[in-house]
Amino acid sequence: MKTSSATSVSSADQTPLVEVMDKHNRILCAMPALEVRRQQLCHRSVVVLLYDDAGRLHLRKQPGPRGQGPERWDLPVRSPVYMGESLQDAATRAVDSFLGIHAERMRLVETISPSLENGNEFLSVFYLSRPEGTVLHALSEETESYFFGPEELRCLLRDFSELVSARFLLLAQVLKLQQRERRLA
């Protein structure tokens, strides 16, 4: 039994550490990211709204929860904030990691308080448009991605919400994304 216990500890130690927060956004401790997610502990995360030149929002098909169920449209960039990392650094790392784009000029547009519906995350929402030196349409062809224009996004959220991840649907409602999109783009 000691061997299996040691194995589980060492595999948990290899995941990045995430700061566990209280409801007032104060740090309580640091734990492996996988364990924080598994227990749905309160922590900080970032998500990036990525727009192209025409103001269309980039979404990607993601597998269902725990890799099961049908794929759903979701934002391609979402990540926990690692221990000691700033929100801006976490967003930059996540965009680079998920999309291969190095973009440091992102704008924080909203911070959403933790709830069970959003995975108990202090969610910082960043906006990025036209990353320098990147052809965004190439990203769409390489992955199951699409740039949704304002009308397409409204139609997707209104008439085909079953094709959208619950997390993105909640985010779209909280941010009033259908109206806000015009002002951001």
So for segment 15-184, averaging the separation of alpha carbon pairs under 8 Å that are six or more residues apart and normalising by length, what relative contact order in percent results? 24 percent
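Rounded to the nearest 0.05, what FRET efficiency is calculated for L163 and A54 with R0 set to 30 Å and r the Cβ-Cβ distance? Please report the intermediate quantities before stating the final value.
Numbers: r = 22 Å, r/R0 = 0.73.
For R0 = 30 Å, the calculated efficiency reads 0.85.
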Note down the nm distance, to one decimal, between modelled labels 7 Å out along Cα→Cβ at E35 and at D22. 2.1 nm
List the residues, sorted by chain then number, that are 5 or more residues from F122 or on another chain and whose placed amide H is less than 5 Å from its amide H. H43, R44, S45
With a 10 Å radius around each residue's Cβ, average the other Cβ atoms per peptide and rank 103-112, 89-98, highest first. 89-98, 103-112
Residue by residue through segment 21-34, what is 3J(HN,Hα) from phi via Karplus (6.51 cos²θ - 1.76 cosθ + 1.60, θ = phi - 60°)? Round to whole Hz and write x for glycine and proline. 10, 8, 5, 9, 6, 9, 6, 9, 6, 10, 9, x, 4, 4
Placed amide H near E110: partners under 5 Å, 5+ positions off or other chain: V125
With the cut-off at 1.5 for a/c, could you classify segment 15-184 from its C-alpha gyration tensor as rounded, prolate or oblate? prolate
In Hz, Karplus ³J(HN,Hα) per residue of segment 105-119 (6.51, -1.76, 1.60; θ = phi - 60°; x = Gly, Pro): 9, 10, 10, 6, 10, 6, 10, 10, 5, x, 7, 5, 5, 9, x
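Just so you know, all these numbers are worked out from the coordinates, no wet-lab data involved. All values reported here derive from a predicted model rather than from experimental measurement. Cβ atoms come from the backbone with ideal geometry, glycine included; neighbour counts cover every protein chain shown.
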